[in-house]
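Take a look at the structure below.
The values are calculated or read from the model by the stated rules, or taken from the named source; none is laboratory data. Since this is a predicted model, take the numbers as computed values, not measurements. Glycine also receives a Cβ, built like all others from the backbone with ideal geometry; neighbour counts cover every protein chain displayed. Please note that ligands, DNA and RNA were not included when accessible areas were found on the heavy atoms of the full protein model with its side chains. Shrake-Rupley method; radii C 1.70, N 1.55, O 1.52, S 1.80 Å.
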Amino acid sequence: MIVGTAGHIDHGKTALIKALTGTDADRLAEEKARGITIDLGFAYADLGGGTITGFVDVPGHERLVHTMLAGAGGIDFALLVVAADDGIMPQTREHLAILDLIGIPRGIVALTKADLAGPERRAEVTAEIRATLDGTVLADAPIVPVSALTGEGIKTLRAALSAAEAEIAARDPAGLLRFAVDRSFTLAGAGTVVTGMMLSGRVALDDMVAISPSGLTARVRGIHAQNRKAAEGFAGQRCALNLAGERVTKDAIRRGDIVLAPTLHAPTDRIDATLSVLATEAGAVGTWFPARLHSHAVEAGARIVPLDGPVAPGGEGLVQLVLDRPIAASVGDRFILRDTSASRTIGGGRFLDLRPPARKRGTPERLALLSAARSTDPAEALAGLLAVAPVDLAAFLRDRNLAESTLPAILAAARAETLGSLALSPTALHRLQAGLAEQLAQFHAENPDLAGLGRERLRLALLPRLPTDAFLTLLKAEAAAGRVVLDGAFLRLPGHEVRLSPEDEALWRRIQPLLLDEGRFRPPRVRDFAQAFGVDERAVRRVLKLTQKLGRTDQVAHDHFFAREVVREMARIVLDVAAEARDGWFTAPAFRDRVHSGRKVAIEILDFFDRLGLTLRKGDLRRINIHRSDLFDR
């Protein structure tokens, strides 16, 4: 268990920790000289339960609340300190508000300096404390009078902390590694060492880790967990990690960085979140409101953009946090907002979406997504998100710090369908399948002369709009099921065949006889048909190309189309000419004489047969390719 202190300056937090653990948490010379805590202090002790309890001592000065916040993230139990002679003071209230905002559910109030107060004063301060705690997470916290000077109440407090530790369940180490850095320094003989809270997962010797948001990689050379040398560190422990790697120095790692599993490295500078504004604020939080954001040990400048109207004092709303630099975060992380002058706490909340859009951020769809993201149960959150839009599973797991091994159970509980790495609701998948069939049917009805619809055009026409890789997965699945046919970059329904429109069919009926009459071996070209019929060349060319797709014609040369049955006839002639040749080799004139065409047209026809593989060319001679001799029926 990690216990974090809170309370006004000079109320005896450090002295109390020393009385409980025997350790002076003030480690800096300036702290000892001035008698106040300036930076975070740490102490460890076995309180009688056989385990090591960690204590985080925080400064109580109003100008050092940012340091207090760096130590408050990740604690399990709050030790709120109130001096019996002073009673509730400004930083008592602010620290209590912070504990409430970050959701520390359990704690004890230590009524320190009890030796300076008689029974009446103790009763008076106790009543004041109860009134202040009312309505907060510590409303039912016990109040224990103690004195670090006389030892009064220390055994009682130690026993109460030990009992609390026995009741607090250990954090689940099943998630991936996230370690919040609050100190970075160089240790002689070891190198770079960072200390902080194990937020999730576990870390072992020789693990390769990433340092976010910088992206540096490092190897774990050594571990101290709860102030003892260890082979592993687990979620819920305070640890010191000895890190080694290129450019890994104490100056390269700073307070607020997160040491994490490399797959989790994806810093962000824009986050959608819930925000609760303290009732003590003078006005509502409106668009582009400036603030300082604190989450775990990180601090960054932020602008607040309410998504559904300004958030009034004492109210809660959805906001987008636009940060002045990227930070490492996870969905569900708590945060605190303070004013830019660091004089007061404004409010706090919880991160909901680490990859929100910069535009259209307050649409009904976005608000519905954020409402679904409020659930802390992964399967419930996924089901809610899928009711609005498809979900990128890789980002879903990463941003919620979920191991890939948990995915099958989450998908089953959410009743989700998948297309590659994309999850959809069954309703959305059915809508896509139906939309796919409807779009193709409509396209075929409007364009009977076209073989199919382009993939990208179809993807953009369907809702929900899928990424390219997920759309390709959908198409392959639909093709395997026999519901669509993939034809290169185009798609069609299985029963679709290219047909001529009535206008095109009429033009074809005028062209066809001229491709079958006595001049069939030297038919008119596109321009000839256009001049003869008074039709645009493009219209003639388009109709002839369509008839080629329908198997009625073959384009032997540019703008020179032959009827398919004539091409078969010419193929039979080629075979006859080759059979009559002495050695199987024949010339273009020999073929020309049989089809009664000009030399140029004869060569065009034979070149066409070359391209089909029916004939083989050697200079001016050709012969039959015996492997393709059955290309056309004799």
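What the table below lists for this structure:
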read-out: Strands (runs of 3 or more DSSP E) fully within region 378-492 counting 3 or more residues that are of a type outside the set (D, E) and open to solvent by less than 40 Å² (accessible area, probe 1.4 Å); value: 422-424
read-out: Test for G175: is it assigned to a strand (DSSP E or B) and open to solvent by less than 40 Å² (accessible area, probe 1.4 Å); value: no
read-out: Selection from region 126-147 of residues that are among the small types (G, A, S) and closer than 17 Å to D86 by Cβ; value: A127, A131, S147
read-out: From A291, A231, residue being surrounded by fewer than 18 Cβ atoms within 10 Å (Cβ to Cβ), out of contact with any Phe, Trp or Tyr (no Cβ under 8 Å at 6 or more places or on another chain) and hydrophobic (A, V, I, L, M, F, W, C); value: A231
read-out: Residue check, S330 among the small types (G, A, S) and modelled with pLDDT under 95; value: no
read-out: Failed item in (1) within 16 Å of F335 (Cβ to Cβ); (2) within 28 Å of the chain's Cα centre (by Cα), with L278 passing the rest; value: (2)
read-out: Filter result for the condition that a residue is crowded, with 17+ Cβ neighbours inside 10 Å, assigned to a strand (DSSP E or B) and out of contact with any His (no Cβ under 9 Å at 6 or more places or on another chain), over R255, R270; value: R270
read-out: Some residue of region 353-371 being at negative phi, assigned to a helix (DSSP H, G or I), of a type in the set (S, T, Y) and open to solvent by 20 Å² or more (accessible area, probe 1.4 Å); value: yes
read-out: Qualifying positions in region 320-349 - in contact (Cβ under 8 Å) with a residue 40 or more places away in the chain and open to solvent by 40 Å² or more (accessible area, probe 1.4 Å); value: D324, R325, P326, R334, T340, A342, S343, R344
read-out: Residue under evaluation L157, criteria (1) open to solvent by 30 Å² or more (accessible area, probe 1.4 Å); (2) modelled with pLDDT of 90 or more; (3) under 21 Å from A25 (Cα atoms), criterion not met; value: (1)
read-out: Any hit, region 391-400, residues being out of contact with any Cys (no Cβ under 7 Å at 6 or more places or on another chain), modelled with pLDDT of 95 or more and closer than 17 Å to L318 by Cα; value: no
read-out: Subset of region 108-142 [assigned to a loop (DSSP other than H, G, I, E, B) and hydroxyl-bearing (S, T, Y)]; value: T136
read-out: Search result, residues across region 593-615 that are in a loop (DSSP other than H, G, I, E, B) and of a type in the set (A, V, I, L, M, F, W, C); value: L614
read-out: Leading residue by the ranking (nearest to G619 (Cα to Cα)) among those in region 565-589 that are surrounded by fewer than 17 Cβ atoms within 10 Å (Cβ to Cβ) and under 60 Å from the mean Cα position of the chain (by Cα); value: R568
read-out: Cβ pairs under 8 Å, 6+ apart, first in region 1-19 and part of a helix (DSSP H, G or I), second open to solvent by 10 Å² or more (accessible area, probe 1.4 Å) and modelled with pLDDT under 90; value: K13/T37; T14/D24; T14/D26; T14/T37; I17/T23; K18/D24
read-out: Counted residues, region 115-144 - those being of a type in the set (S, T, Y) and touching a residue at least 40 places away in the same chain (Cβ under 8 Å); value: 2
read-out: The listed residue being of a type in the set (D, E), in contact with an Asp or Glu (Cβ under 6 Å, 6 or more places away or on another chain) and over 16 Å from E94 (Cα atoms), out of D353, D333; value: D353
read-out: Residue tally, condition among the hydrophobic types (A, V, I, L, M, F, W, C) and either within 27 Å of T406 (Cα to Cα) or not in a strand (DSSP E or B) (or both), over region 182-206; value: 8
read-out: Filtered residue count, region 610-628, keeping only those that are under 11 Å from A588 (Cβ atoms) and open to solvent by less than 40 Å² (accessible area, probe 1.4 Å); value: 2
read-out: Residue check, T217 closer than 28 Å to R325 by Cβ, of a type outside the set (A, V, I, L, M, F, W, C), open to solvent by 70 Å² or more (accessible area, probe 1.4 Å) and in contact with a Gly (Cβ under 6 Å, 6 or more places away or on another chain); value: yes
read-out: Complete set of residues in region 590-601 that are out of contact with any Asp or Glu (no Cβ under 9 Å at 6 or more places or on another chain), open to solvent by less than 50 Å² (accessible area, probe 1.4 Å) and either free of Cβ contacts under 8 Å to residues at least 60 places away in the same chain or closer than 20 Å to D630 by Cα (or both); value: F591
read-out: Test set (1) over 21 Å from A451 (Cβ atoms); (2) assigned to a helix (DSSP H, G or I) - L544 fails condition number; value: (1)
read-out: Leading residue by the ranking (nearest to A441 (Cα to Cα)) among those in region 465-490 that are touching a helix residue (DSSP H, G or I) at 6+ places or on another chain (Cβ under 6 Å) and touching a residue at least 12 places away in the same chain (Cβ under 8 Å); value: V484
read-out: Test: residue in region 330-341 that is among the charged types (D, E, K, R) and more than 20 Å from L260 (Cβ to Cβ); value: yes
read-out: Restricting region 69-113 to residues that are within 23 Å of R344 (Cα to Cα) and either among the acidic types (D, E) or touching a Pro at 6+ places or on another chain (Cβ under 8 Å) (or both), the residue that is surrounded by the most Cβ atoms within 10 Å (Cβ to Cβ); value: V109
read-out: Residue match in region 506-517 (condition: open to solvent by less than 20 Å² (accessible area, probe 1.4 Å), more than 23 Å from A451 (Cα to Cα) and either in a helix (DSSP H, G or I) or not small (G, A, S) (or both)); value: yes
read-out: Pairs with Cβ under 7 Å, 6+ apart, first in region 541-556 and acidic (D, E), second open to solvent by 50 Å² or more (accessible area, probe 1.4 Å) and at pLDDT 90 or above; value: D554/R564
